[in-house]
Structure formats: C-alpha cells, structure tokens
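Below is one structure, written out as structure tokens; comments come after it.
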There are 2 protein chains.
Amino acid sequence: MTAGEKWSPSEKKVARTAYDAALKVALDKTLAELKSRAHVAATPSEIWDVEDFLRQQRRKIDQMFDYRYSQLIQVFANQGYLEESLLVGLSEDKRQTIRKYASWNREG
Amino acid sequence: MTAGEKWSPSEKKVARTAYDAALKVALDKTLAELKSRAHVAATPSEIWDVEDFLRQQRRKIDQMFDYRYSQLIQVFANQGYLEESLLVGLSEDKRQTIRKYASWNREG
C-alpha cells in the first residue's frame, strides 16, 4: 500500500487547508503576473502574449490541482511554494513521500 | 460590377492607409481594455475573463481585417470608428457602398 491511499479525517482536514492555500498562491502569482504584463504591454504581440500566458496558466492550474485523495501527494509535491508547516498533521509517511517527489521535481 | 471590384493605384494607397489606421484603432482599444481589466482584476474568474476577452478580440480582429480588395469595402464598413476623412480618395461609388453597409451594421 502506498502512502497516498489512506487519509484519516484529521489528515483530510489538513489536506483541504494545504490544498486551498497552494491554489491561492498559484492564482495570486498568476494575477500578479497578469497585472505586470498588462501594465507594460505596448505592442500587438505583447497583447497576445498575455492571452497565451493566461491560457497556459489556466491549463497548468487545472491539471495540477486535482482534489482526489489518490492525487493529493503528487499535488502537494508539485507545489514548489507549499509551506512545509501546512503539512503538519499528515502522517510522517505521507510527508516523506511528498518531500521525495518534490525533490525529484526540482531535479527533473 | 460591384463597387469593390476595381481599385485604382491611388485608391489602393488610400485603402492601405485607412486599413492600417483602422487596425491600429482596434488594437489600441484592445490594449486599453486589457490594461483596465487587468488593473481591477482581483478574483480567479476575473483573471479568466481577461483571457476570454483577449481570445474573442484576437478572433474578431483576425476575421475582420482581411486585406483582399474583394473584402475591403466590408472591412471599412465594419469599422464603427473609421474616420470618414480617411476614405477621401476612394470613388464616390465605393464610399456610398461603405456608408450603406455601415448603416446596416449599426441597425443590425
């Protein structure tokens, strides 16, 4: 059995909070980047670059944030910006797996 | 023979200038609207509304601006914001057709 399979009620609560926080960070970063790109945009190609950027971000966020318990370990591992403290309350087993996957992602 | 079929060299020159001016107006409006929407955006749905807006504008501008002589009368008629003075130098026949189509567009 892998680390992602069993989630206790208290782990589910921790997971929900961490998931929402990670999603908020991803959306806030997208919003900040949108504002900054739109602010400096001056040419037609810079207009359409904003569209391309938003389409990629939407696809990336849609793919990345998948709240199925079978996917959560991978979701958390993918968040470069997820604070470790948000994962307190998950089993040590799960947190180690998340750290391991996260370091693979960084190296990859 | 319809008004759009024959373009003299001097009409082609006028048409090029008017076309470029109309395209610039369309792009400037899109850029201004992008900046304004991005500036006030605060929620995820407002982020993706900007993407939808840009996609629609890109499609609209791509469809509308077609520099074939067979299409130019319609292109000019579609520009609500095209200054009449830019069309000075086109035959009276063409300008009347543009006005007629433009008024149909406004009514439609």
### Query
In the stretch A:76-107, which residue that is aliphatic (A, V, I, L, M) and within 14 Å of A:K12 (Cα to Cα) is surrounded by the most Cβ atoms within 10 Å (Cβ to Cβ)?
A:L90
### Summary
Note: among B:L54, B:L31, just one is among the hydrophobic types (A, V, I, L, M, F, W, C) and farther than 22 Å from A:R59 by Cβ, namely B:L31
#### Entry: Residue ID - surrounded by the fewest Cβ atoms within 10 Å (Cβ to Cβ), chosen from residues in the stretch B:5-21 that are small (G, A, S) and part of a helix (DSSP H, G or I)
B:S10
### Summary
The correct count of residues that are surrounded by fewer than 12 Cβ atoms within 10 Å (Cβ to Cβ) and within 14 Å of chain A (Cβ to nearest Cβ) in the stretch B:58-75 is 2
### Query
Does B:D66 qualify as being of a type in the set (D, E), under 30 Å from B:S10 (Cβ atoms) and in contact with a helix residue (DSSP H, G or I) (Cβ under 9 Å, 6 or more places away or on another chain)?
yes
### Selection within the stretch B:59-108 - under 12 Å from the mean Cα position of the chain (by Cα), assigned to a helix (DSSP H, G or I) and either among the aliphatic types (A, V, I, L, M) or closer than 30 Å to A:Q57 by Cβ (or both)
B:K60, B:I61, B:D62, B:Q63, B:M64, B:L72, B:I73, B:V75, B:A77, B:A102
### Query
Just checking, how many residues over the stretch B:22-57 are within 28 Å of B:Y67 (Cβ to Cβ), among the aliphatic types (A, V, I, L, M) and either facing chain A (nearest Cβ under 7 Å) or surrounded by fewer than 16 Cβ atoms within 10 Å (Cβ to Cβ) (or both)?
6
### Message
Taking the criterion of being touching a Leu at 6+ places or on another chain (Cβ under 8 Å) and closer than 18 Å to B:E51 by Cβ, would at least one residue in the stretch A:62-85 satisfy it?
### Response
yes
### Task
State yes or no: is A:K35 touching a residue at least 40 places away in the same chain (Cβ under 8 Å), among the charged types (D, E, K, R), part of a helix (DSSP H, G or I) and out of contact with any Phe, Trp or Tyr (no Cβ under 6 Å at 6 or more places or on another chain)?
no
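Any read-out appearing in this document is the output of simple, stated calculations on the displayed coordinates, not a laboratory observation. Given the structure is predicted, the values throughout are model-derived calculations rather than measurements. Here Cβ is always computed from backbone atoms with ideal geometry, including for glycine, and neighbour counts include all displayed protein chains.
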